[in-house]
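*Asks:* Sharing a structure here in C-alpha cells format.
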Amino acid sequence: MNLRRFSKRKPVSSLFCACQAYWLNDSVFMNFCMKNPFILLAIISSACAQPQVLPDADDAAYPAIERFIAVMEKVRKSHPDAEKLSYDQLVNHALHGMLSSLDPHSSFIHPEMRELMEKNQEFDPYIASLGMGIALQDGALTISHVVRHSVADQQKISPGDALLAIDGQPQAKSSLMKICNALQKPAGAKTKLLMQKPSHPSPIEVEVTHLKVYDRAIVKKLILPQQAGVGYIRLSQFTATADQEMEQALDELDQKGMKSLILDLRGNPGGVLDTTVRLLGFFLPPQTEVVSIRSRLAAPESLKTPEKQRGNRTHPLFILIDRQSASAAELMAATLQDLKRATIIGETSYGKGSVQKIEPMSGGTALRLTVATYHSPSGKTPHHAGVTPDHSIPFSDQDRQNFILQADENALTPEQRANLIPWQDPALLKALALFAK
C-alpha cells in the first residue's frame, strides 16, 4: 500500500486515514499496531509537530514509514534467530540506533538496558579509570553503562557493546572478578580492548589510556618554582563544591604572593554548570553574562556571574586545555577567551557543548535527547568544534602519559619518578614564557 496518496493537505488527518486504511486492508500492519499502539501514536504526534527547520517536507514521512515497516516484516519473516524478532525488540533497537546516530550524547534506553542496570546495582563492576561498567549478559561480557566525557565515552564505547578480549586475551570464559582485575590499571597505563558493536559487522580494537580518579576538584595548587609570583591550580572536574575549593586555593596562593595564575583544565571532563558560572565570577565582574542556552523550542536563556562576590581577582590569567577538556571546562575557557580575560594555551578541546534531557517513555523505555546547546558570550558554541587555543601546543602521547603521572607523584614507582624528572610540560613552558614577556 502507498501511504503517500493520503498526504496531500492535512498531514495529521491524512496519516490517520492512511493508517486506518492500512489497518483494515493489511493484516501485517494490523498486527503490528495492535501489539505496538505507542508506535502509531508516535507517528501521529510526529506529524503534528511543527519544528522550526527540518531538512525535508511532511510528505517524506510516509515513504520512510513504509520502508521501516517493510524492512521489519522482511526481517521477522526470514531471520533465523526467532527469539530476537519480537516487535518490541526490533522497534526498541531501531530507536536505539536512531538516537545514537544523532550525536554521542543522545540515546534510547529500552527495557533490556534497564534490566542490566538494575542487576548491576547489587554487584556493579565499575572501572573508574575508564568510566565504564561491565556485566555478564547471557554469558557474554557487555558494557553496561558509560560515564559522559570519560575515556570510554571519548573512544565511542557504548552500553550494549560486547567486550571480546583485553590486551589480546579472550575473556569469554573468565569470571567477572578476573575481568575487573585485568581492567584495573594505574593512571597512564594503556589497555587494548577488542569490541563488538551491534552496528558493526566485525570487531574493532580500541586502545584506552587509564586516567587517575580524583575525589576532589582541585588536585594541585602551588606557586611555581620556575618563576616567582606565578600560581598554578589544576582543576580536575566541575563538582558541586569546586567553587569553594577554588576560593580556598586562590586565598592560599594570594597569601603566598601570587601575582598571576595558570589554571590547568587539561583532562577536565566538565561537570555542574552552576558551579562553572560561580567559578567565572572569581575572574569577572558581577552580573557579567557568561553563558547562554539555546534551543529550537524556547527563547535563549542567559546566565550571569553572581551579583554578590567577595572580591574580583584581576591576576593575569592563562588557561591550559587539551583534547580531553570538555563541556564546562570548554565553556569556562571560551568565555574568558571571548571577554579577553585569559589567554588559552594547548590543544583544541573535545567539543561538547550540548544539553541533554531524559524523558520517560511508554513500555518501560526512556529517551535521553540533546535539546539545546551552550554558547559563550561571542555566540559561539564548543559543540562539535571545541575551543581553539590562542597558542596551539601539541601534546605527544608521551607528554600526555607524563602529565597523567605527574598529577600524583607520591604514588609513582622509583622508575616512573626517574623517567619523569627530565620531562618538561610544553604547555606550561609556553605559559611561563608568555608571562616573562
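No lab work stands behind these numbers, since they all come straight from the coordinates. Because the structure is a prediction, the values reported are computed rather than measured. Note: ideal-geometry Cβ built from the backbone for every residue, glycine included; neighbour counts use all protein chains shown.
*Asks:* What nm distance separates the two modelled labels at SER86 and ASP167, each placed 7 Å from Cα along Cα→Cβ?
*Replies:* 4.1
*Asks:* Let me ask another. What whole-number distance in Å separates the alpha-carbon centres of segment 155-203 and segment 207-257?
*Replies:* 33
*Asks:* I would also like to ask the following. Fewest Cβ neighbours within 10 Å first, please rank THR191, THR314 accordingly.
*Replies:* On the way: THR191 19, THR314 8.
Listed from fewest to most nearby Cβ atoms, that is THR314, THR191.
*Asks:* Could you grab the relative contact order for segment 218-436? Cα pairs under 8 Å, six or more apart, rounded to a whole percent.
*Replies:* 17
*Asks:* If you don't mind, there's one more thing I want to ask. Cα to Cα, under 22 Å, and not fewer than 8 places away if on the same chain: which lysines meet these conditions relative to LYS380?
*Replies:* LYS304, LYS340, LYS352, LYS357
*Asks:* Quick one: dipole size for segment 195-259, taken about the Cα centre, charges +1 on Lys/Arg Cβ and -1 on Asp/Glu Cβ, in debye to the nearest 20.
*Replies:* Details: 8 positive and 9 negative charges, 40 e Å.
Rounded to the nearest 20 debye, it is 200 debye.
*Asks:* Quickly work out the SER202-to-LEU420 label distance, labels modelled 7 Å from Cα along the C-beta direction, and quote it in nm with one decimal.
*Replies:* Here the answer is 4.1 nm between the modelled labels.
*Asks:* Here's another thing I want to ask about it. When ILE344, ILE218 are ordered from fewest to most other Cβ atoms inside 10 Å of their Cβ, what list results?
*Replies:* Working: ILE344 23, ILE218 20.
Starting with the residue having the fewest Cβ neighbours, the order is ILE218, ILE344.
*Asks:* In segment 225-250, which residues have a backbone nitrogen under 12 Å from the label point lying 7 Å from LYS259's Cα in the Cα-to-Cβ direction?
*Replies:* Output list for this probe position: 227-231.
*Asks:* Among ILE223, ILE127, ILE404, ILE421, which comes first, then next, by fewest other beta-carbon atoms within 10 Å? Intermediate values should be presented prior to the final figure.
*Replies:* Details: ILE223 17, ILE127 24, ILE404 20, ILE421 6.
Result, fewest neighbours first: ILE421, ILE223, ILE404, ILE127.
*Asks:* In the neighborhood of GLN398, defined by Cβ-to-Cβ distances under 13 Å, what is the net charge if each Lys or Arg adds +1 and each Asp or Glu adds -1?
*Replies:* Surrounding charge for GLN398 is -1.
*Asks:* Show me 354-360, 383-389 ranked by packing, highest mean number of other Cβ atoms within 10 Å first. Intermediate values should be presented prior to the final figure.
*Replies:* Numbers: 354-360: 13.1, 383-389: 19.4.
The peptides rank, most packed first, as 383-389, 354-360.
*Asks:* Would you mind calculating the gained length between ASP251 and SER392 on full extension (0.36 nm times residue separation, minus the Cα-Cα distance), in nm to one decimal? Mind showing how you got there, number by number?
*Replies:* On the way: separation 141, 0.36 × 141 = 50.76 nm, distance 3.03 nm.
Going from the current span to full extension adds 47.7 nm.
*Asks:* Can you tell me which lysines have their Cα less than 23 Å from the Cα of LYS84? Leave out same-chain residues fewer than eight positions away.
*Replies:* Result set, ordered by chain and number: LYS35, LYS74, LYS119, LYS197.
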